[in-house]
Structures are given as C-alpha cells and as structure tokens.
4 protein chains.
Amino acid sequence: MQRTVERMLRTSPEPPFAPADPLSACIHACVECAQACTACADACVAEHDRALDACIRLNLDCADICAATSRILSRQLDPDPGVISMTLQVCAVACDACAYECTQHGAMHPHCDVCAAACRRCLDASRALLATTVQPRRFHHH
Amino acid sequence: MQRTVERMLRTSPEPPFAPADPLSACIHACVECAQACTACADACVAEHDRALDACIRLNLDCADICAATSRILSRQLDPDPGVISMTLQVCAVACDACAYECTQHGAMHPHCDVCAAACRRCLDASRALLATTVQPRRFHHH
Amino acid sequence: MQRTVERMLRTSPEPPFAPADPLSACIHACVECAQACTACADACVAEHDRALDACIRLNLDCADICAATSRILSRQLDPDPGVISMTLQVCAVACDACAYECTQHGAMHPHCDVCAAACRRCLDASRALLATTVQPRRFHHH
Amino acid sequence: MQRTVERMLRTSPEPPFAPADPLSACIHACVECAQACTACADACVAEHDRALDACIRLNLDCADICAATSRILSRQLDPDPGVISMTLQVCAVACDACAYECTQHGAMHPHCDVCAAACRRCLDASRALLATTVQPRRFHHH
C-alpha cells in the first residue's frame, strides 16, 4: 500500500506540501493505525473485561482521528498550514494516549500489543512530519 | 436532530463528560458543519472557478475534522481530556479557516455563504465547549 | 440542521439529483442516525452486558454506513445511479438490522429505544428516496 | 500494513467471520483504494478540467464507501450477514464505476491510472470475499 501512496503523490499535478518521504510514511502510518484501532476496539469489546473500557474508547477516538488525518494529508492542493499542523498534533496526542493505554494490556491481550505498535509508529510519523512542516497559525478575525 | 442528540446524552449510563447543553450544541453544530462543507465542496467543484480551489480543499478537510469531532464528542465513556481538548482545538481552527475562505466567495456563491454560517456556528460551539472542559495534557513517556 | 441541508441543496449550481424533499429528509435522517448509533455503541459498552454485543457491532456498522450515505447524498454533481441505488440499499439494510436489534433492548436500555427510532426514521427515508430515483446498474466490463 | 491487518485478525478473541486470507486482503485493498481515491479527487480538482467532474465525484463516493467497508470488515464480533453482504456489494459497485471512469483518463492523467488499478484490486478483493461468505438477507418485520 505504501507504494500506492507514493505513486499518488508523484503523479499529482501539485507538488507534495511537505517532503515526500515523511509525508507518504505518515499517510501510511495513519491508515494502518486507524485500521488497527478499529479492530482493537472490536476485540476489546469481545473480551468482556471492564478494565478495557478506556482502551475501547481511545481506540475508537484514535481510529476517527487517524482516518481524518490520512485524508487531509492525502490532499496536496492549497493546504492550510494551521489546519495541517493542528491535525498532526491531535493525531500525535491520540496515538500517544492510545499507545499508552494499549500497552497496559499488551501482556494479557496480544491485540492491544499489535495496536500499541501501530499507534507508536503513527505517533513517530506524525512528529517527524510535523518537524518538517509547520508554523503556528492565528485565528482569523471575522 | 438536536433532540435526538440530547436524548442520547440523557439516556447514556455515563454522565456527559461536559455540561450537557454546550456538549449537545457542539455535537449538533459539528454534524451540521460536516454536511454543509461536504455539499459546499461539491458545489464549488461544479462552479469550475479556479478561485475556489482553496475553498474546495478547506471544505473537504473541515468536513473530515468535524465528522471525527462529532463522533468523539458523542462518546461519554472514559474520555481522555487531552484528546478531547486537542480535537476541539483542531475543529475550531478548521472551522475558522473554512469560514474565512467561504466568506470571500459568499457574495458570488450563496452556497459558500450558507457554509460559512455553519462553520461559524461550529467554531463558536467548539470554543464554548472548550471553555467548559479542558486542561492541557502532556505526552506520555513510554 | 435540516434547514441548512435544504439551503445547501437550493444554492448548489447543480439541480438535486432526486426530488429535493425526500433527498434532504434522507440526508438529515442519515446524519441523525449516524450520531445516535455512535452514542448508542458507547452507551452499550458502558452497560457491561454481553447481551448487547450484537447491538454494539450493529451500531458501529450502521454509523459508518449512514455517515458515508449522508456524504454521498450531499453531492449533486454527476451522480452514478448504480452507486446511489446500492448505497441507499445498504443504508436501509443496516438501519433495519440495527433498529431490530436495538428494539430487543429498548425496554431495558432507553438509549437503545432512542437509537431504534432514529434507525427506523432513516430506514423509511432511505426507502422513500430509493422509490423516487433508481434503476439497477450492471457491472462495467473492463 | 497487510501484516498488521493479519496480526489483528489472528489476535482477536473472535475467529474471523470469513476465511482469513481473502478477508485481510479485502481490508487491505479497501484502505488502499480509499486513500488512492481521496488523493485522485484532489489531483483531479487541481487539473482544472471539466472532463474530470464525474471522476472527482466517483473518487469521493468510492473513498467514503471503501473507508466504511474497511471498518466494517475489521470487526469480527457478531457480524450481520446481510449488512456484510450488501456492504461488499456496494463496495464492488463503487470500485467498478470508479475504475471505469478513471480508466477513461488514465492515458492523460497518470494519477487516474494509479487510482484505477487500486479500484480494480479492491473490486476483485470484494468479489473474492463475497464469494466466500454470504447469503442474502430479508428485511425484518417490525
């Protein structure tokens, strides 16, 4: 799948809004993390263990945020630097929180272990991309 | 639709993680904004006007962010304060940027005017909810 | 929110691909149902009752399908009749299944009762829109 | 990413609802296709070519459907056969239509060529999974 991400970047009439390697790596990490979190939430529900409530919740939130992030990063036309920056930051926060929570249950529940690894890869990829791109942005005044 | 949002909050076994009125108002504003932005992107493509490129882009990004935000706010079980706070902040940034861009085209394209109003309502609702809830959160150390 | 849906339809440069009243009603019903299902899944997890496993699963699936349907119906430019028709059919099937399952738990869990009503409204709105629009479509031969 | 999909399937407390190989292949093909379609819609907007209107529209619809399909297939707990079957069918119809449309522009726009290939892989994967699983399902009578 990463080859498809890279090819889509290379064939766009717009140049990538950030260096192509960390950008394609982050898109790939986001879609992988979103899928792992969706599957981990389902597996955690199936465990019937109250100790996994926070894990289910974070999995679902992290899946939603990573899916939105992967879409936003897939667009090269006229990016808004403030939106990109904040999106990468919330992605990093969600992946960090979900990786932390999943790690608590990784020894007992191997799906949490697999998911935590995907979250950590996405956290690292988001931070790496953030480091190449962004400047803070102020609110517009209407 | 807002009545359904309120009823779902009232019937959850979990108390709302924030005061119910600004929370249900923000959920409602997010789903409204996501729909308006999706429709505005489509209408802008149909206008065949290069001046709307940035508007299409922001509409699509804002739709993705507001849709994710509406889902995250709809969950009351074990919320992570840092994830909630950052989600509301990226929602506010995206709505602010999209409202600003749509406003530039509102006189010529009435769909941009309708969309800008939805974005402003969502910006206000996000800020109002953010004011009731959140404290910053640090990264976990793995 | 339904007024915003209607205004976006009226201000698009493209005429609505189906009669405006059942179209806007179905978009509205889909976003309402997606939100109710997202909240009901969360509430069902919080109940810690194995009898709700199928309900959680259907809530999550139905939320994903209704969210995708609401986006697809929000676009008026060059609709593909086969995609629209199949989308409305899967929306109806998911809402029907989720309404049925939630109804089994409605007496004990009022969130399931509220959610079942939203699913039934969306089922009815999908069928009503399907009746106005669609013809089957064959697979293309590549 | 496919290894993560496979690991999540293997570590779930629930057995996969369909044979693991075509199931993981279809999940992977759906996330790849959703990403390619999102990027292709953006690239097509940037081409400023009216002949791509239908392609933009199908890309956006196909991205929404494949994203929803990837989530639904990622859940193993208590699947509803009718929902699964209809979801795979709408996924196949959307991928087929989008592959066909993108192919018309593939010679001139290489991003359409890359996207058409991803759509065809997802079409094939959906049909292959559909062949292993499903029986039609009737509407419930409330």
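For the reader, a short list of remarks on this structure follows.
- Among the conditions (1) touching a residue at least 60 places away in the same chain (Cβ under 8 Å); (2) part of a helix (DSSP H, G or I); (3) farther than 25 Å from C:Leu58 by Cα, the only one that A:Ile27 does not satisfy is (1).
- Among the candidates C:Ala54, C:Ala63, C:Ala43, the residue that is under 23 Å from C:Ala117 (Cα atoms) and in contact with a His (Cβ under 8 Å, 6 or more places away or on another chain) is uniquely C:Ala43.
- Residue in region D:99-113 that is nearest to the other protein chains (Cβ to nearest Cβ), counting only those that are of a type outside the set (Asp, Glu) and crowded, with 24+ Cβ neighbours inside 10 Å: D:His111
- Qualifying residue in region C:104-114 (condition: within 30 Å of D:Leu123 (Cα to Cα), of a type outside the set (Gly, Ala, Ser) and either assigned to a loop (DSSP other than H, G, I, E, B) or out of contact with any Ser or Thr (no Cβ under 9 Å at 6 or more places or on another chain) (or both)): no
- Qualifying residue in region B:75-87 (condition: under 14 Å from B:Cys33 (Cα atoms) and at pLDDT 95 or above): no
- Scanning region C:10-33 for residues that are surrounded by fewer than 24 Cβ atoms within 10 Å (Cβ to Cβ) and more than 7 Å from chain B (Cβ to nearest Cβ) returns C:Arg10, C:Pro15, C:Pro16, C:Phe17, C:Ala18, C:Pro19, C:Ala20, C:Asp21, C:Pro22, C:Leu23, C:Ala25.
- Pair list, Cβ under 8 Å, 6 or more apart: region B:34-58 residue more than 7 Å from chain C (Cβ to nearest Cβ), other residue buried (at least 24 other Cβ atoms within 10 Å of the Cβ) and hydroxyl-bearing (Ser, Thr, Tyr): B:Ala34/B:Ser70
- Filter result for B:Asp96 (farther than 23 Å from A:Arg57 by Cα, acidic (Asp, Glu) and surrounded by fewer than 24 Cβ atoms within 10 Å (Cβ to Cβ)): no
- Inside region B:36-47, residues that are under 11 Å from C:Arg75 (Cβ atoms) and surrounded by 24 or more Cβ atoms within 10 Å (Cβ to Cβ) make up a count of 7.
- Scan of region C:48-73 for residues that are more than 19 Å from D:Ser74 (Cα to Cα) and among the acidic types (Asp, Glu), ordered by number: C:Asp49
- Contact map, region B:101-123: residues that are touching a residue at least 60 places away in the same chain (Cβ under 8 Å) paired with residues that are of a type in the set (Lys, Arg), Cβ distance under 6 Å, separation 6+ or inter-chain. Pairs shown: B:Val114/C:Arg7.
- Scanning region A:48-79 for residues that are surrounded by fewer than 24 Cβ atoms within 10 Å (Cβ to Cβ) and more than 18 Å from A:Val93 (Cβ to Cβ) returns A:His48, A:Asp49, A:Arg50, A:Ala51, A:Asp53, A:Gln76, A:Leu77, A:Asp78, A:Pro79.
- Condition met for C:Asp64 (on the phi > 0 side of the Ramachandran plot, out of contact with any Pro (no Cβ under 8 Å at 6 or more places or on another chain) and either at the interface with another protein chain (Cβ under 7 Å from one of its Cβ atoms) or assigned to a helix (DSSP H, G or I) (or both)): no
- Any hit, region C:119-131, residues being within 12 Å of chain B (Cβ to nearest Cβ), surrounded by fewer than 24 Cβ atoms within 10 Å (Cβ to Cβ) and within 30 Å of A:Ala51 (Cβ to Cβ): no
- The residues of region B:43-81 that are farther than 24 Å from C:Cys44 by Cα and small (Gly, Ala, Ser), listed by number, are B:Ala43, B:Ala46, B:Ala51, B:Ala54, B:Ala63.
- Residues (within 7 Å of another protein chain (Cβ to nearest Cβ) and not hydroxyl-bearing (Ser, Thr, Tyr)) located in region D:84-98: D:Met86, D:Gln89, D:Val90, D:Val93, D:Ala94, D:Asp96, D:Ala97
The values are calculated or read from the model by the stated rules, or taken from the named source; none is laboratory data. Note that the structure is a prediction, hence the values are computed from the model and not measured. In this analysis, Cβ positions are derived from the backbone assuming ideal geometry, glycine residues included, and neighbour counts consider all displayed protein chains.
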